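Quick one: structure below, then a few questions.
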Amino acid sequence: MNKYVLDTSALLAFIEEEKGVETVDGLLEGTLDKKSKIYISTVTAIEVFYISLRK
């Protein structure tokens, strides 16, 4: 099983459909069939939340 840690830029690329969205989407799809695990730090979650509020 592959394990990945997503940072703020990866999550924002996914949310805002920017460059790299296909890569992040593929990683997230891998979790559905249990081929991979995704980890997100608390700080990353807070940063994404804060940035989303500002927009």
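The values are calculated or read from the model by the stated rules, or taken from the named source; none is laboratory data. Quick caveat, the model's predicted, so the values are computed rather than measured. Note: ideal-geometry Cβ built from the backbone for every residue, glycine included; neighbour counts use all protein chains shown.
Given (1) surrounded by 10 or more Cβ atoms within 10 Å (Cβ to Cβ); (2) out of contact with any strand residue (DSSP E or B) (no Cβ under 9 Å at 6 or more places or on another chain), identify the lone condition not met by Val24.
(2)
A further question follows. All but one of (1) among the small types (Gly, Ala, Ser); (2) at pLDDT below 95; (3) in contact with a Leu (Cβ under 9 Å, 6 or more places away or on another chain) hold for Ala10; state the number of the condition that does not hold.
Condition not satisfied by Ala10: (2).
To continue, here is another question. State which residue pairs qualify: first residue among the charged types (D, E, K, R) and inside the range 18-31, second residue surrounded by 14 or more Cβ atoms within 10 Å (Cβ to Cβ) and part of a helix (DSSP H, G or I) in any location, beta carbons under 8 Å apart, and separation of 6 or more residues or different chains.
Within 8 Å, the pairs are Glu18/Leu12; Lys19/Ala13; Asp25/Phe14.
Inside the range 29-45, can you point out the residues that are aliphatic (A, V, I, L, M) and exposed (fewer than 15 other Cβ atoms within 10 Å of the Cβ)?
Across the range 29-45, the qualifying residues are Leu32, Val43, Ala45.
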